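J.: Handing you this structure, nothing more for now.
The values are calculated or read from the model by the stated rules, or taken from the named source; none is laboratory data. None of the values given here were measured: they were computed from a predicted structure. So basically every Cβ, Gly included, is an ideal-geometry build from the backbone, and we count neighbours across all protein chains shown.
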Amino acid sequence: MSPTDQALNLSESEALFARAQKVLPGGVSSPVRAFGAVGGSPPVLVEACGAHTKDVDGNLYLDFVGSWGPLILGHSAAVVTDAVLAAVKQGTTFGAPTPNEIGLAERICGIYPGLERVRFTSSGTEAVMSAVRLARGATGRELILKFAGCYHGHADWGLVAAGSGLVTFGKPSSAGVPPSVADKTLVLDLDDEEAFDKLMDERGDEIAAVVVEPIPANNGLLVQREEFLHKLRLRTAACGALLIFDEVINGFRVARGGAAELFGITPDLATFGKVIGGGLPVGAFGGRRDLMEHLAPLGAVYQAGTLSGNPVAMAAGIAALDALDAQDAWSRLEELGAAFEARVAPVLANAPFPAKLVRVGSIFWMSLQDGEPPRRADRIDPAAAERYTGIFHGLLRRGISIAPSAYEVGFLSLAHTEEHFDEFATKLADTLAELG
Ligand code: PMP
């Protein structure tokens, strides 16, 4: 498939989305897909291959959403679909131990720093929720510290955002989260070592775990100073709190061993999703053996799942990880990222408003505000969202899909080529000229 500069006809998509809204709240199974942040009706997708997606009206898009991160090999990678088809023929679920879950666990434990045991779940949310329970069970403490702007899935404990001020007891950021649950989550701003030190001095011995996305990628791409991450490791170790790296986006993407390898920091527990499922629903959490053995059936922390370790999903994950290893994917992804940046950064420098590319390997974001790209959520200028909306629709009309929200990142995959980046840069320049 290759996209053309089509004038978008979304009539079939619009009709389907109208139907969707009669049976699915907001027409979707996950909120951002509804285009609420950018307006308009989302293309309803029917097919995808390599770097392209196709909607029900036949429009083709050069895609930088990548299903929000899992598709590091690109859409419908043959190695993954072949593995899935073979696994499906042997049975879709057994509810019993399978060779595939053992194989994927061996790979993950063999790759990720310090990981001795891993437990599979069906989503990233479950993985982080379970890691948090495990941390509480293993330490006998209740408080969890998270950072504003980091997303850890939609379990109650993590749906808490910071108010202003140095440290707040969490206020739920969703209806339905009881304050008595949110109260157990402390929130700090990223990149604020002083506030972190103060909190650890005062309450470090009450904290079960500090949870962080080492490269926060759910509220823009808030690249952290390494000193900040090292500080988290040092101070948690000193007071007996666990450090949990939420690597659901970072893991197996920013480096073979995720952000832990990139920064040379071994967390106590880590959580995964996206890439390790090859595009099927998989999450996982893992860590040192002594900690993981607090889990049932060995220990007192309960955690389970009917479809956890699903053999088809495990086969997809194995195929994806093996394909990445076979082609030394991480250096290739860095090369692709650099090639993308070389084309896109100069275009953004000529935008009619301040605009900079932020990139870590194959993850990118556009910082649409003055000054250096922000390192914490409250430093994102709300005006950026309006600028992003213009870019988003200009690109979509030209057959390029980026995430339908200013706060979401973009993903490059091994299916992208330099020609795709030329196309992106040209169409971005055309869009920006139109907006100027
Ligand atoms: N943690 C992080 C860092 C994530 O980015 C996400 C999803 N974007 C989650 C957890 C939750 O994963 P899932 O959507 O699979 O539940």
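J.: Using the structure shown, decide if Leu333 is without any contact (Cβ under 8 Å) to a residue 24 or more places away in the chain and either in a loop (DSSP other than H, G, I, E, B) or surrounded by 21 or more Cβ atoms within 10 Å (Cβ to Cβ) (or both).
T.: The answer is no for Leu333.
J.: Considering (1) farther than 16 Å from Ala338 by Cβ; (2) within 23 Å of the chain's Cα centre (by Cα); (3) of a type in the set (S, T, N, Q), say which one Thr417 fails and leave the rest.
T.: With (1) farther than 16 Å from Ala338 by Cβ; (2) within 23 Å of the chain's Cα centre (by Cα); (3) of a type in the set (S, T, N, Q) applied to Thr417, the lone miss is (1).
J.: Test Ala270 against the criterion of being under 19 Å from Arg233 (Cβ atoms), in a strand (DSSP E or B) and either within 13 Å of the ligand (Cβ to nearest atom) or not assigned by TED's automatic domain parsing to the domain that holds His154 (or both), and give yes or no.
T.: When the stated conditions are applied, Ala270 passes them.
J.: In this structure, does Ala351 turn out to be outside any helix (DSSP H, G or I), aliphatic (A, V, I, L, M), at pLDDT 95 or above and more than 23 Å from the chain's Cα centre (by Cα)?
T.: For Ala351, the condition - outside any helix (DSSP H, G or I), aliphatic (A, V, I, L, M), at pLDDT 95 or above and more than 23 Å from the chain's Cα centre (by Cα) - is met.
J.: Another question about this same structure. Go through the stretch 250-267 and give me each residue that's in a loop (DSSP other than H, G, I, E, B) and of a type outside the set (Phe, Trp, Tyr).
T.: First, the residues of the stretch 250-267 that are in a loop (DSSP other than H, G, I, E, B): 250-257, 264-267.
Those that are in a loop (DSSP other than H, G, I, E, B) and of a type outside the set (Phe, Trp, Tyr): Asn250, Gly251, Arg253, Val254, Ala255, Arg256, Gly257, Gly264, Ile265, Thr266, Pro267.
J.: Moving on to the next point. I'd like the full set of residues that are β-branched (Val, Ile, Thr), within 21 Å of Gly278 (Cα to Cα) and in contact with a helix residue (DSSP H, G or I) (Cβ under 6 Å, 6 or more places away or on another chain), limited to the stretch 53-76.
T.: Ile72
J.: Within the stretch 90-104, does at least one residue satisfy the condition of being buried (at least 23 other Cβ atoms within 10 Å of the Cβ), in contact (Cβ under 8 Å) with a residue 12 or more places away in the chain and farther than 30 Å from Gly158 by Cβ?
T.: no
J.: Does Val282 qualify as being within 16 Å of the ligand (Cβ to nearest atom), assigned by TED's automatic domain parsing to the domain that holds Gly110 and more than 20 Å from Pro97 (Cα to Cα)? Give the derivation first.
T.: Details: within 16 Å of the ligand (Cβ to nearest atom): yes; assigned by TED's automatic domain parsing to the domain that holds Gly110: yes; more than 20 Å from Pro97 (Cα to Cα): no.
Here the answer is no, as Val282 does not meet what is asked.
J.: Same structure, new question: Can you find a residue in the stretch 112-123 that is surrounded by fewer than 24 Cβ atoms within 10 Å (Cβ to Cβ), under 19 Å from Glu206 (Cα atoms) and either within 16 Å of the ligand (Cβ to nearest atom) or aliphatic (A, V, I, L, M) (or both)?
T.: no
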